[in-house]
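FYI, it's all coordinate maths here, none of it is from the lab. Note that the coordinates shown come from a computational prediction; the quantities given were computed from them, not determined experimentally. Note: ideal-geometry Cβ built from the backbone for every residue, glycine included; neighbour counts use all protein chains shown.
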Amino acid sequence: MRGVWLLLGALALALGAVGTFLPLLPTVPFLLLSAFAFSRSSERLHHWLLAHPVLGPPISDWRDRGAIGRRAKWLASGSIAAAFLISVALGLTPWVLGVQGLVLLAVSVFIWTRPHA
């Protein structure tokens, strides 16, 4: 089972790293998943991730205070708006846009009600 956790941690870390460059791919949720998986598979990788100067602070902010950085909130909001505008441009049916809009609104409320890091 340790190998599965290690593989999951590496995959989540890779997706989180890609998410730092692609605005529609979230970074912090993948980093949190990676930290969780590494905590069950490799103490060395878990400590490395938490101590990393770029990747570690968002994990620590979330773990310690449930906080999301102001810049991350703005980037997430921009990504949410872009995703919805793409759906509108693609001409999705109104009920799909309505469901997507409600889900994205709920995600936005969650993000903006978290404390600032």
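Data table
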{"read-out": "Which of Trp62, Trp48 has the fewest Cβ neighbours within 10 Å, and the rest in rising order", "value": "Trp48, Trp62"}
{"read-out": "Exposure proxy ranking, count of Cβ atoms within 10 Å, fewest first, for Ile86, Ile80", "value": "Ile86, Ile80"}
{"read-out": "Per residue convex hull volume, Cα atoms of the chain, in Å³", "value": "112"}
